[in-house]
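The values are calculated or read from the model by the stated rules, or taken from the named source; none is laboratory data. As the structure is a computational prediction, the values presented were derived from the model and not from experiment. Glycine also receives a Cβ, built like all others from the backbone with ideal geometry; neighbour counts cover every protein chain displayed.
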Amino acid sequence: MTDRLKERMDNAQEAEADPDRHHMEEAILATLATAAFDQDEVAHAARSVAWSRSDFGAIAAALIESITEGKVPDLVVIADKLRSARARIKEAILADIMEGKKAKDVSVALDYIRIMHVQDKRHAAEAFGRDYLKAIKEGDTGAAFADLAGKVFDLATEKKLIRSYPVERDAAEDFLDILNARRADGGDLLGLDCGFRHLNEVLNGLPDGVIILAGAPSCGKTTLAKQIADHVAEVEKVPVLFYSFEQSAEELRIKSLARLSSVDSRRIWKGRAGAVEWVEVEKAAEDYRQGPGPYLTVIEAGRKDTVEAIRAAALMTQRKAGGKRVLLVLDYLQIIPAGKDAPDALRERIDANLSELRRLSRDMKSPVLVISSMNRDAYRKNERPTMAALKESGGIEYSADAVICLWRDKGESETLTRDLPIKTDRVEAYVLKNRNGELARVKLNFTKAWALFSDEGKEDLDYDAALSN
C-alpha cells in the first residue's frame, strides 16, 4: 500500500468517526496528557477503551505507558514513544492533545470511558443482530437465538451496573410505607398464586427462585405441575412456559380437559367418552382455551432445548409481556440436555443446569418450577421423604430455593378410596426446604382419573425430620 493511499484511508476513517465519540476520546487523551493531577485512575480505565481511530489508540498507548513508568507525559516523551512504535501521527493532532486545552476533570473523563463501553456493547449487539437475521434466512436459528438473547441481556445488565446506587438512608425511605400497604391489602401473596391455599400459605405463593418438585414415579408430579401452570396462567395472567421433555402436548392437554370436565382422562385419550361426557369435554376445552390458553405455552422439548435455549426463550417472552413475571415449568431436571461446555458427569451437569436456572430466575425475578426424580432407595422403602431422598440428584439441597417432595400415604389412600365414589389417593407434599418461610406437610387429595389435585390441610414439619428419617 502506498503512503498516499494509506493517508487517504486514515483521513476517511477520521471523517467517519462519531463527532460525540471523537469529542470524548480527545478529552480523555488530553486529560491523560495533563500532569496537573494524578491520572493513574484514568490511565487504568483507558486501557480497555476501543479507540475509534488508530492514531488515538497509539497516542493513548504512549500516554498510558509514560504514566505507568512515572514519567511526565510531555510532548517530547510521547513523540519519542510514538516514533519507537512506528506510529504515524500528524504533528498537529498530537500537539493539540498534548496542549491539554480539552482536558476534563477526572470524574468526567471516567464517565466518558463508561459511556463508550456501553456504546461499544450496543454496537456489538447490533452487529450480532445482523448476523442473527442472516442466520434466520439461512435456517440456522437455534444457537444464534440463544446467543443473541444472552448478549442483549448482558448489555442491559451492564447499563444497570454503571448506574449510581442510593445509600440505605435514601433507598429505605419509603420501605415502611410499602410494608404497611402490603399489610393493608390483607397480606397478599408475594409470589404467584399456585391455586392451593395451604401451599400458598407455606411458600407465600410461588416465590422467585428455583422450586424443586420431586417424588416417586406415578405420584402425580407432572399432573400437579400442569394444574399449577394452568391456574397461574388463568388467574395471574402472566406468561407460563411449560417445557415437557417426556410427555407430549396432547397428554398434558388431556390432563387439563379431564380436570375441568370430571371425565376419565383415559376415556378422553382413547376416544371412548360417551355423548354426555363429550358435551362436558367440549365445555372444558373452551374453558381451557379462554382461561389459561392466552398465557400458557406448552413446549414439547427436545435435545436442542438446553438451559441456554430456555433462557433465551424465557427472556424474550418476558420482554414481549412488558417485563411481567414469567412462570417457567421444566419436566424434568435429570433429562434437560447438556449445553455447550457442560461437564460429562451427570451430577455435575445437573448442578451446572441448576446454577444457570437459579441465575435465570434471579435475572427475570420469576419462579422456575423444576420437576425432579428421587433416588430409588427413597421410594422403594416407602418412607416419608427427607432431603436425603435427593442426594443422587445433584446439589438440589444447596441450589434450590424451595424443595417439595410428594409422597403417597397408602393407609389414608385406602380410606379415601372407600369413602369416595372415584379412586382418590392421599398425597402429601413435604416442603423440605423453604428459603423464606416455614417447613410443612401439606395434605392433598389426588384423583388420578380426573388429573385433579385438591387441598386438604397442612401440618408443621420439624427441621430435623426434614433432613433425615
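Restricting the first member to the range 165-177 and to residues that are hydroxyl-bearing (Ser, Thr, Tyr), and the second to residues that are modelled with pLDDT under 70, the beta-carbon pairs closer than 8 Å and six or more apart or on different chains are Tyr165/Ala171.
Every residue in the range 78-133 that is at positive phi and charged (D, E, K, R), please. The one that is at positive phi and charged (D, E, K, R): Arg86. A search for C-beta distances below 8 Å between a residue of the range 324-353 that is of a type in the set (Ser, Thr, Tyr) and any residue that is assigned to a loop (DSSP other than H, G, I, E, B), counting only pairs 6+ apart in sequence or on different chains, returns Tyr332/Phe245; Tyr332/Glu246; Tyr332/Ser373. For the residues Gly339, Gly322, the requirement of being at pLDDT 90 or above, assigned to a loop (DSSP other than H, G, I, E, B) and among the small types (Gly, Ala, Ser) singles out Gly322.
Taking the criterion of being surrounded by 14 or more Cβ atoms within 10 Å (Cβ to Cβ), of a type in the set (Gly, Ala, Ser) and more than 26 Å from Thr223 (Cβ to Cβ), the residues of the range 312-357 that qualify are Ala312, Ala321, Ala338, Gly339, Ala342, Ala352, Ser355.
Just wondering, is there one or more residues in the range 132-139 that are modelled with pLDDT of 85 or more and out of contact with any Gly (no Cβ under 8 Å at 6 or more places or on another chain)? Scanning the range 132-139 turns up no residue that is modelled with pLDDT of 85 or more and out of contact with any Gly (no Cβ under 8 Å at 6 or more places or on another chain). The set of residues in the range 262-320 being farther than 21 Å from Asp363 by Cα and among the β-branched types (Val, Ile, Thr) consists of Val263, Ile268, Val276, Val279, Val281, Val298, Ile299. Residues in the range 202-225 that are closer than 20 Å to Asn445 by Cα and either of a type in the set (Ser, Thr, Tyr) or out of contact with any strand residue (DSSP E or B) (no Cβ under 7 Å at 6 or more places or on another chain) (or both): Ala216, Pro217, Ser218, Thr222, Thr223.
Filter the range 443-454 down to residues that are closer than 10 Å to Glu428 by Cα and not aromatic (Phe, Trp, Tyr) and give me whichever is farthest from the chain's Cα centre (by Cα). Once the filter is applied, the top-ranked residue is Asn445. Among Ala50, Ala85, Ala125, which is the only one that is surrounded by fewer than 19 Cβ atoms within 10 Å (Cβ to Cβ), in the same structural domain as Met24 (by TED's automatic domain parsing) and under 34 Å from the mean Cα position of the chain (by Cα)? Answer to the selection: Ala50.
Considering every residue within the range 207-220, establish whether at least one is of a type in the set (Ser, Thr, Tyr) and over 17 Å from Glu300 (Cα atoms). So far as the range 207-220 goes, yes, one or more of its residues are of a type in the set (Ser, Thr, Tyr) and over 17 Å from Glu300 (Cα atoms).
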